[in-house]
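Below is one structure, written out as structure tokens; the observations come after it.
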Amino acid sequence: MIYKDSFLKEILTRTKRVAIVGVSDNPVRASYFVARYLSLRKFEIVPVNPKLAGQTLFGAKVVASLTEIEGPVDMVDIFRRSEAVPEIVEGALAQLSDLRTVWMQIGVENHEAAALCEARGVDVVMNRCPKIEYQRLFGELRMGGFATGVISSKL
């Protein structure tokens, strides 16, 4: 998938509350450190994992499913296999009236689910990581010596 930097930056700028579906409590798992990173960047995280329901991660109570989320969610970030995505997306579209973005993590793609989102006016990103894109687009990877391809006048 090819996405314009402006599209990704707009999503990451407007997003305030993110439901992380498939979040782990294991600090070496990608879903944990992505959720942790986003929480440190002032995104409000709603952890979603039925095995961890009732626990607290990143200052928030873990819920078992999207149906248990109270209040608006701007983005659903999916850490599940591609074949599980349609059911998650159908639930998100039915439950979350303020949903603006469905983000599927690296290695996760489902074009059927993407089409459902787009038909409802919900933006879709597949096979990307919001942590990596945030770092790349907002200048944090540059500090580690990575060439991001984003030109900036910031020092």
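Readers should treat all values here as calculations from the given coordinates under stated rules, not as data from a laboratory. Everything quoted here is computed from the prediction, not taken from an experiment. All Cβ positions, even for glycine, are placed from backbone atoms using ideal geometry, and neighbour counts span all protein chains on display.
For the reader, a short list of remarks on this structure follows.
- Axis of helix 30-40 versus longest Cα principal axis of the chain: the two differ by about 70°, to the nearest ten degrees.
- Summed side-chain charge close to residue 78 - residues other than residue 78 whose Cβ falls under 11 Å, Lys, Arg +1, Asp, Glu -1: -1
- Mean separation of Cα contacts under 8 Å, 6 or more apart, over the residue count of the range 5-144: relative contact order %: 21 percent
- With the simple model of a label 7 Å out from the Cα in the direction of the Cβ, residue 33 to residue 109 spans 2.5 nm.
- Computed over the alpha carbons of the range 5-144, Rg followed by Dmax gives 13.9, 41 Å.
- Listed residues 16, 42, 131, most fluctuating in the chain (Gaussian network, C-alpha, under 10 Å): 42
- Net length gained if the chain between residue 84 and residue 25 were fully extended (0.36 nm per residue, minus Cα distance): 19.2 nm
- Restricting attention to the range 5-144, close to 10% of DSSP beta bridges with both partner residues there are antiparallel.
- Largest mean-square fluctuation among 27, 86, 47, in a Gaussian network model of the chain whose springs join Cα atoms under 10 Å apart, belongs to 27.
- Cα centroid of the range 95-122 to Cα centroid of the range 16-32, whole Å: 18 Å
- Unsatisfied cross-links (Cα-Cα over 25 Å) in the set 9/51; 16/61; 4/51; 4/61: 9/51; 4/51; 4/61
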